[in-house]
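Notes to accompany the following structure.
What follows is calculated from the coordinates using simple rules that are stated; it is not laboratory data. This one's a predicted model, so the numbers in the text were calculated from it and none came from an experiment. Reconstructed Cβ throughout: ideal geometry from the backbone, glycine too, with neighbour counts over all protein chains shown.
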Amino acid sequence: MTKQPIAVFATIITRDYYRFAKVWSDSVRLFYPNAEIVICVADTIPEKMRDSFEDVQLIQADEFQISGFRRMAFQYTPFELTCAVKPFLLKHLLSEHETVVYLDADTCLFHQLESIEYALDDYDIILTPHLTKSENSGSENRIRNAGTLNGGFLGIKKSGNSNRFIDWWSERCRYECYIDPLSGRFVDQTWLDLVPSLFEKVLVCRDESLNVAYWNLHDRGFRSPQPPFFVGTQPLGFFHFSGFRLTSPERLTCHLTGHGQTQQIAEEGTTELVRWYAEQLQSASITDLEQLECEFQRYHDGTLIDPFHRETIRGRYAEAADIHDPFGEQGSGNIPEITDSLRCDIVLSRKHWQLEQMQQEADRQTAWIQKRLHRRLDKRIVEVLKRCLNRFSPKTKAA
């Protein structure tokens, strides 16, 4: 077995996530000085951002000539869009390179990925699982709803087999890359569960030093009194800071853990690691870019896009088929009007929306019942008071 050199490391962000991409790219360059590093930005790249990245290729997603990209950018949330663009980015990179490793921008390398380099010699597609040891059923069900394989890492080698995989994945991500965990959908990730059975030369890599994150810390033997960090007896390959927010640096993640609580950094011995990561993100901050948000959050007139409006486009309803650039439609009222006419169908398209509507209806019913009870109670109190007044009034005593 020989090593297969990794030609390209790639990630995808929206422009407001630039700090994470900067820390990520710096960590990759430390261990792979000769590899090409590519950051795909789903929206427009500000010049200040271009200037802050040295020896890194920044490309915009609309350069891939994705058919109907403006509709695609509108139909998904910014997070969903970055996931949906992933197979299109991989196809673009494999047209020029033999091997590509994709990593989410909230990952960070701490060592060379030797197990991946060796595996790329024999396999076309390399994936990593969320869990490598059995869990309690509650945690396992949570993982199953999000996908048993994690989409934050993917190693791929150019071949007819990998090209078929990318074409298959890109078709699913064009319209079916959204979040509805109650129906077993979590962006591009849940589609990966099918890959080992549908395609050849697929490795589910069980190297426990890779893709360490809040969901598997308890079974990885992670220890970090101080750098360097280890997983058991081997050096940490890369850590996935999924859900980390600088606004809450005391927490490892903002996501719920299997116990229904957000993960406290001290509970899993990650204090030094998270402190280091927060410092790196702070140092990567650029004052002129601090107020950036993804440009696909709003219509051209500045109005925040309603999730139901996005679904009007994603659902491919005939009523919205002629809208080619939905971002300009808020002013004319087309999408809001179409959405109102399709609201029942749109609610039925997502299980969590159905539950929300049911809860809202239940709350309305409860409020109505309570109001009726209060009215009845008020009437009874009035009747009792009237009887009391009649009983003790002067006329009653005189009689």
- request: Compute the acute angle (0 to 90°) between the alpha-carbon long axis of helix 351-392 and the principal axis of greatest extent of the alpha-carbon atoms of the chain; round to the nearest 10°.
  value: 20
field: Added length on full extension, which subtracts the Cα-Cα distance from 0.36 nm per residue, Q297 to L182
entry: 39.0 nm
- prompt: What's the angle, to the nearest 10 degrees (0 to 90), between helix 271-283's Cα axis and the longest principal axis of the chain?
  reply: 80
message: Run lengths n ≥ 4 of DSSP H only: what is the helix-derived mean residue ellipticity at 222 nm for the chain, with -39500 (n - 2.57) per run over all residues, to the nearest 500?
response: -12500 deg cm²/dmol
- request: Starting from the Cα of K201, draw a straight line to each of the lysines and keep only those under 30 Å, dropping any in the same chain fewer than 8 residues away.
  value: K3, K86, K91, K133, K157, K158
message: If you fit an axis through the alpha-carbon atoms of helix 137-146 and take the longest principal axis of the Cα set of the chain, what angle between them do you get, 0 to 90°, nearest 10?
response: 70
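How large is the charge dipole for the chain, taken about the Cα centre, if only the Cβ atoms of Lys, Arg (+1) and Asp, Glu (-1) carry charge, to the nearest 20 debye? Could you put the intermediate results ahead of the total?
On the way: 46 positive and 56 negative charges, 633 e Å.
Its charge dipole is roughly 3040 debye.
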query: Any idea how far apart N141 and K371 come out in nm if each label point goes 7 Å out from Cα toward Cβ?
result: 3.6
message: What distance in nm lies between label points placed 7 Å from Cα along the C-beta direction at D122 and L246?
response: 4.3
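Calculate the all-directions average of the projected area of the stretch 299-348's alpha-carbon convex hull, and give it in nm².
3.1
Highest first, please rank the peptides 58-65, 93-100 by the mean number of other Cβ atoms sitting within 10 Å of their residues. Walk me through the intermediate numbers first.
Values: 58-65: 15.2, 93-100: 18.1.
So the order, starting with the most tightly packed, is 93-100, 58-65.
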- prompt: In the neighborhood of M358, defined by Cβ-to-Cβ distances under 12 Å, what is the net charge if each Lys or Arg adds +1 and each Asp or Glu adds -1?
  reply: -1
query: Arranged from highest to lowest average of other beta-carbon atoms within 10 Å per residue, in what order do the peptides 295-302, 207-214, 177-184, 73-80 appear?
result: 207-214, 73-80, 177-184, 295-302
message: Once you keep just the Cα pairs under 8 angstrom separated by 6 or more residues, what percentage relative contact order results for the chain?
response: 17
- line: Taking the dipole of the stretch 299-348 about the Cα centre (Lys, Arg +1; Asp, Glu -1; charges at Cβ), the one of F308, A321, P336 that reaches farthest to the positive side is F308
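Percent relative contact order of the stretch 299-348, based on C-alpha pairs within less than 8 angstrom and at least six residues apart?
Working: 35 pairs, mean separation 23.9, N = 50.
Relative contact order of the stretch 299-348: 48 percent.
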- request: Would you kindly state how much longer the chain becomes between Y317 and Q360 on full extension, computed as 0.36 nm times their sequence separation minus their alpha carbon distance, in nm to one decimal?
  value: 12.9 nm
- line: With the 8 Å Cα cutoff and a minimum separation of six or more residues, the stretch 128-203 has a relative contact order in percent of 34
task: Which order do the peptides 154-166, 359-371 take when ranked by the mean count of other beta-carbon atoms within 10 Å per residue, highest first?
output: 154-166, 359-371
task: Answer with a single label: of (1) 1.06; (2) 1.13; (3) 0.96, which was calculated as Rg/Rh (Cα atoms, Kirkwood Rh) from the structure in view?
output: (2)
